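The values are calculated or read from the model by the stated rules, or taken from the named source; none is laboratory data. Predicted model, so just to flag it, every value in this text is computed and none were measured. Glycine also receives a Cβ, built like all others from the backbone with ideal geometry; neighbour counts cover every protein chain displayed. Areas reflect the complete protein model, heavy atoms only, side chains present, ligands, DNA and RNA absent. Shrake-Rupley method; radii C 1.70, N 1.55, O 1.52, S 1.80 Å.
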Amino acid sequence: MAMKKLFLSLSSFLLLSTTLTFAAQSWQQQQQGQCHITRINAQDPSYRLRAEGGVSEFWDHNSDEFQCAGVAIHRHTLRSKALMLPAYHNAPLLAYVLKGEGIFGVMISGCPETFESSQQTRRQSEEEGSGRRQRFLDRHQKIGQFRQGDILAIPAGAAHWAYNTGDQEFVVVVLQDTTNNANQLDQNPRSFFLAGNPGKPGQEQEQSHRSSRRGGEQRQYELGNVFRGFDVQTLAEVFGVDEETARKLQGENDKRGHLIIVERGLQVITPPLAGEEYGRREEGYGGRGNGVEETICSAKIRENINNPSRADIYNPKAGRLTTVNSLTLPILGFFQLSAARGVLYRNAIMAPHWYVNAHSIVYVTRGEGRMQIVNHRGEAVFDGQVEEGKVVVVPQNFAVVKRAGEQGFEWVEFNTNDNAMINTLSGRTSAMRGLPADVVASAYQISREEAERLKFSRRETLFFSGSSGGSTGRGRVASA
């Protein structure tokens with residue numbers, strides 16, 4: 001009897017192991033199949049959702065390129081005094097502020113309400129039916145301030161909001177890492193709003209007729225107010241309010257959308273913006289922290305990469321590259337994401353290169369240029385002009401080269417690794433430079449002298465000055 005039970009147990013274990021192995025292999029094959037890309041396009045938004053306070057634009061996350069990278073991209077444009085209603089998402093977000101300034105908050109359960117009204121700034125409201133005054137002391141979690149060039153990191157499931165305090169539009173482009181380990185759902189991006197009635201009748205919606213190359217109808221970006229699914233009585237009880245207030249939480253008759261205008265201006269508790277705050281670097285730069293410097297409640301989630309003095313690689317005749325990763329913004333280590341801002345001057349070239357350990361999602365912020373992307377078969381899967389507002393996905397290990405046009409070329413790129421690493425094909429630190437001259441001569445059937453010229457003709461590292469005629473003028477490297 002004991003042997004029979006042991007045999008049954010072993011059989012069950014083997015069956016379970018085989019099933020799990022098959023499932024893992026199937027999933028891995030499915031993931032690998034998503035990156036069989038034969039053509040890459042420079043993409044525009046495929047869906048727009050207009051609201052009272054602005055517009056949100058979404059790229060087709062079902063396209064081959066975005067499915068390969070496992071990300072979704074969207075862009076928000078907020079008018080002056082516009083508020084983006086509180087929401088949380090099923091995956092971490094990495095945002096870049098293209099234009100404008102404002103304030104934002106990220107609410108994390110369990111973190112203290114460290115911002116509160118002082119005795120002198122308490123607001124007073126007269127109670128109905130009595131002459132008494134009730135003093136109201138507001139408390140909330142900390143509020144941050146942002147400006148053009150900021151990178152913002154928002155954890156998955158953390159509710160957040162943003163408000164445009166400036167006189168001009170606030171524009172932000174956002175990457176949502178839908179294949180991140182923090183997302184236990186499928187690869188579709190989802191937004192869970194805590195207010196309003198987003199995406200419902202009364203709001204202007206626009207969708208392009210271009211269908212996904214993966215076939216079938218595009219699936220609209222999913223968003224809605226989570227309170228609408230609860231009954232009014234339950235909401236009234238859990239919040240300790242009357243049913244009329246509970247119905248307003250659901251926003252059923254709210255036609256303002258997910259971006260609303262606060263005409264009187266938003267009255268919140270926030271310290272003045274100190275100039276030195278943007279120049280501050282985290283302690284321990286260049287190494288991992290010891291776990292004491294930051295907690296989830298105090299973690300720094302913003303880093304500005306717009307200042308030229310912040311550049312990591314710089315050529316005064318060609319351009320610069322500024323990166324932010326888990327060394328400069330430690331929270332990115334939990335996200336497994338990083339970002340970079342590139343600037344190429346007129347006709348300058350960024351050396352042919354590939355990312356060793358990350359997909360790169362390039363958003364053009366200004367100017368225009370030419371990009372060429374080559375796959376492992378030696379095929380040019382993309383060769384074309386890109387301009388402001390276009391998005392191009394560069395898969396891991398695909399070689400890419402960028403050349404600026406007459407007006408220069410600027411971009412921000414989001415990378416799917418917290419310490420994305422580049423290898424170059426030409427330049428002072430390139431793979432070509434690291435090869436022995438005889439290996440180069442034999443591989444390309446050239447003389448040793450030609451091999452040496454091929455190796456050493458470029459002294460720059462990553463950015464090469466150029467000319468409209470395509471000459472190989474050399475630029476002095478000021479920083480590398």
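Quick notes
- Candidates are the residues of the range 256-278 that are at pLDDT 85 or above and touching a strand residue (DSSP E or B) at 6+ places or on another chain (Cβ under 7 Å); the one that is most open to solvent (accessible area, probe 1.4 Å) is Arg256.
- Positions within the range 324-378 being free of Cβ contacts under 8 Å to residues at least 60 places away in the same chain, open to solvent by 10 Å² or more (accessible area, probe 1.4 Å) and in a strand (DSSP E or B), in sequence order: Arg366, Gly367, Glu368, Arg370, Gln372, Val374
- Top-ranked residue of the range 296-309 - restricted to ones that are within 20 Å of the chain's Cα centre (by Cα) and of a type outside the set (A, V, I, L, M), ranked as surrounded by the most Cβ atoms within 10 Å (Cβ to Cβ): Glu303
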